[in-house]
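Asks: Sharing a structure below in structure tokens format, with a few things to ask.
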Amino acid sequence: MRILWTVQVMIALLTLVGAVERIEQQPRQTRPRWATRQEPAPEPPPPADRDLEIAAQFAPIIHQGLNGHPRFDYITNFDFDGDWRGDNNWQNAENSAHALRAYVYYSVIETDTHYFIHYAVFHPRDYKGGLFQSWLLAEAVRRAQEQLRNNLPPEAEDLTLSHENDMEGCLVVVEKRGPSLDEALVVFVETMAHNTFNLYRAPNEPIRIGSVISTEGSHPVLFCEPKGHGLFAYTGQPNQLKDATRGALVYHSTGQAEDPEQATDKRVGYRLAPIYETLWPRARANAAETYGEVKDFGSFSIRVLENGQVVEKQPSIRSLGAAFLGAVGAANKARPPWGWFDYRERQQLKGEWFFDPANT
């Protein structure tokens, strides 16, 4: 048995080394800086209603790939099972008594020239690898850290297969073109997939950075992988759909949290849920039943639009829940949007992509 264990660990470490080498070989991306204009913005309605209006106007259309366990690929809310515990979501996802109704989380930051809208999709399981293989890889990383006295590349800590809870998402950047939301245009979309940001530009965007993403009206069109749930621009190409062996659902923002198991076709309506009224309060309270990791995010200096005026603020974030509590597979590997990062850009301030998107 000891020989078998040694062989397994060696295989895992070889896999780890190969993965780290592939990480280091991947090119870094660049992002545009945002120009500012001096035109005054129109008088906004109350913030909560205004944010929802903005988020609904540009909410993505999501083609959700389905694999061998379609139920585990349904987009839903963290508390689908009626509680905010993170360490029972894997198990409860199997229980058909818990409807996996469709929700997408959102938050909005407005400047004098742009809207920056974050969207986050949650799945109770990331099941892209077997549980034993996931545990073995995590154990190999832990042992390698001990042997190298914590000098293992930081990317290695994020190498995982299956894990409880999964949250990926995107940032939609919208340029204001006048007083009406109907005049505003999506210019860039940046998606999160497995600790990598993927930058896309709108078809008519003159700044030639990133690949082109398609839109339907004012809505970017995305593809969510089955099993691992990384988000990318939707292409519909065979290579993108190869793992969607059970087809795909198409999620649209309708204001209704529909149950995909009750859908008569492949179209499912989702409801937008405000991050600052759901995930955020529990993160601020360091709720141990929801978050398994806490980080100190320090302070930021940001410029936002309030009542038609640009205001500079220095919010003190400090201690904040940064990873969801998960016990199955690799522990505590799913993160809320303020915990997302690109492993190629570790020099970025923690949380800057979420708290200050205009500067990243």
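Asks: Among the residues of the range 215-239, which ones are outside any strand (DSSP E or B) and either surrounded by fewer than 19 Cβ atoms within 10 Å (Cβ to Cβ) or in contact with a Gly (Cβ under 6 Å, 6 or more places away or on another chain) (or both)?
Replies: G217, S218, E225, P226, T235, G236, Q237, P238, N239 - these are the residues of the range 215-239 that are outside any strand (DSSP E or B) and either surrounded by fewer than 19 Cβ atoms within 10 Å (Cβ to Cβ) or in contact with a Gly (Cβ under 6 Å, 6 or more places away or on another chain) (or both).
Asks: Looking only at the range 270-287, decide whether some residue is over 24 Å from N88 (Cβ atoms) and crowded, with 18+ Cβ neighbours inside 10 Å.
Replies: Yes - at least one qualifying residue is present in the range 270-287.
Asks: So, one more: Can you confirm whether the range 153-163 contains a residue that is in a strand (DSSP E or B), at pLDDT below 95 and buried (at least 18 other Cβ atoms within 10 Å of the Cβ)?
Replies: Yes, the range 153-163 contains at least one residue that is in a strand (DSSP E or B), at pLDDT below 95 and buried (at least 18 other Cβ atoms within 10 Å of the Cβ).
Asks: Looking at the structure I just gave you, is L249 aliphatic (A, V, I, L, M) and closer than 30 Å to N332 by Cβ?
Replies: yes
Asks: Restricting attention to the range 109-128, report how many residues are of a type in the set (A, V, I, L, M, F, W, C) and either over 15 Å from P336 (Cα atoms) or surrounded by fewer than 22 Cβ atoms within 10 Å (Cβ to Cβ) (or both).
Replies: Looking only at that region, the number is 2.
Asks: Inside the range 171-194, can you point out the residues that are at pLDDT below 95 and within 19 Å of the chain's Cα centre (by Cα)?
Replies: Matches in the range 171-194: A193, H194.
Asks: Being of a type in the set (V, I, T) and modelled with pLDDT of 50 or more is true for just one of I61, I23, I11. Which residue is that?
Replies: The match here is I61.
Asks: Which of the residues that make up the range 88-105 are part of a loop (DSSP other than H, G, I, E, B) and surrounded by fewer than 21 Cβ atoms within 10 Å (Cβ to Cβ)?
Replies: Selection gives N88, E94, N95, S96, A97, H98, A99.
Asks: Within the range 78-87, identify whether any single residue is in contact (Cβ under 8 Å) with a residue 12 or more places away in the chain, surrounded by 19 or more Cβ atoms within 10 Å (Cβ to Cβ), over 21 Å from L171 (Cα atoms) and touching an Asp or Glu at 6+ places or on another chain (Cβ under 6 Å), and answer yes or no.
Replies: no
Asks: Any idea which of (1) in contact with a strand residue (DSSP E or B) (Cβ under 8 Å, 6 or more places away or on another chain); (2) touching a residue at least 60 places away in the same chain (Cβ under 8 Å); (3) closer than 30 Å to G329 by Cβ is the one T191 doesn't satisfy?
Replies: Only one criterion in (1) in contact with a strand residue (DSSP E or B) (Cβ under 8 Å, 6 or more places away or on another chain); (2) touching a residue at least 60 places away in the same chain (Cβ under 8 Å); (3) closer than 30 Å to G329 by Cβ is unmet by T191, namely (2).
Asks: Out of everything in the range 260-307 that is polar (S, T, N, Q) and within 21 Å of Q64 (Cα to Cα), what residue ends up being modelled with the lowest pLDDT?
Replies: T264
Asks: Restricting attention to the range 203-214, report how many residues are modelled with pLDDT of 95 or more and crowded, with 19+ Cβ neighbours inside 10 Å.
Replies: Selection size over the range 203-214: 1.
The values are calculated or read from the model by the stated rules, or taken from the named source; none is laboratory data. Note that this is a predicted model, so its numbers are computed, not measured. Ideal geometry is used to build each Cβ from the backbone, glycine not excepted, and the neighbour counts take in all protein chains shown.
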